[in-house]
1. Checking the structure you have, find out if any residue of the range 132-141 is under 30 Å from Gly174 (Cβ atoms), surrounded by 13 or more Cβ atoms within 10 Å (Cβ to Cβ), at pLDDT below 95 and not polar (S, T, N, Q).
2. Based on this model, can you work out whether Ala196 counts as assigned by TED's automatic domain parsing to the domain that holds Phe112, buried (at least 18 other Cβ atoms within 10 Å of the Cβ) and either of a type outside the set (A, V, I, L, M, F, W, C) or in contact (Cβ under 8 Å) with a residue 60 or more places away in the chain (or both)?
3. For Glu191, indicate whether it is assigned by TED's automatic domain parsing to the domain that holds Lys90, part of a helix (DSSP H, G or I), in contact with a Phe, Trp or Tyr (Cβ under 6 Å, 6 or more places away or on another chain) and modelled with pLDDT of 95 or more.
4. May I ask you to list the residues in the range 145-204 that are farther than 20 Å from Thr108 by Cβ and of a type in the set (Lys, Arg)?
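The values are calculated or read from the model by the stated rules, or taken from the named source; none is laboratory data. Every value quoted in this text rests on a predicted model; they were computed, and no experiment measured them. In this analysis, Cβ positions are derived from the backbone assuming ideal geometry, glycine residues included, and neighbour counts consider all displayed protein chains.
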Amino acid sequence: MKKILPLSATALAALIALSGCSTDTNGSSMPGMDHGSSAMSTAPPTNVGTETGADHNAADAMFAQSMLPHHSQAVEMSDIMLAKPGMDAKIVSLAKDIKAAQGPEITTMTNFLNSWGESTTMTGNHSMAGMLAGTDLDKLKASQGTEAAKMFLTQMTAHHEGALEMAKIEVSGGKNAEAVTLAKSIVSSQEAEIKAMTELLATL
């Protein structure tokens, strides 16, 4: 018993010393020491990162990364129309509705990617259906009156159809529940807008 007590006291003192060291250095000295203590000191941040990263898959990331520039272009197209004088009230209303819907969605998808630890831009060459070329945007900017309205409706319909393709891929292959819900919302709202634009175009 006399031998056990000093050893126990020594072990206790060592543990206290190690605890103090860990607190003072934020765990920086622990990896080279006891692995059990190291695991305890580093497990919380590691687990949090893992849980966040595991809450999405490649389809979710691709959906948000590709939809961001797609939405941004739709907002740009709407701004072009809103800057034109004497535009039909229905075209103005449509452009405002598109901005009102897609602006907040851009923020939401940016937040998704940031929370997942993913880049907000895509890497490599990935085509996005419905995206307009620079020359198409230039034509829209230069057009006026009924010609501009018809061009906007035609271009935005094709743009929306491209967004539907990407959103439906997310609905079928995405893992993150919030991203899938957003994709379903995009499908619903943009299908309705395509119908409205088709009907409006027929009246011009």
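1. Checked the range 132-141: at least one residue is under 30 Å from Gly174 (Cβ atoms), surrounded by 13 or more Cβ atoms within 10 Å (Cβ to Cβ), at pLDDT below 95 and not polar (S, T, N, Q).
2. Numbers: assigned by TED's automatic domain parsing to the domain that holds Phe112: yes; buried (at least 18 other Cβ atoms within 10 Å of the Cβ): no; either of a type outside the set (A, V, I, L, M, F, W, C) or in contact (Cβ under 8 Å) with a residue 60 or more places away in the chain (or both): yes.
In short, no.
3. no
4. Residues satisfying the conditions are Lys150, Lys195.
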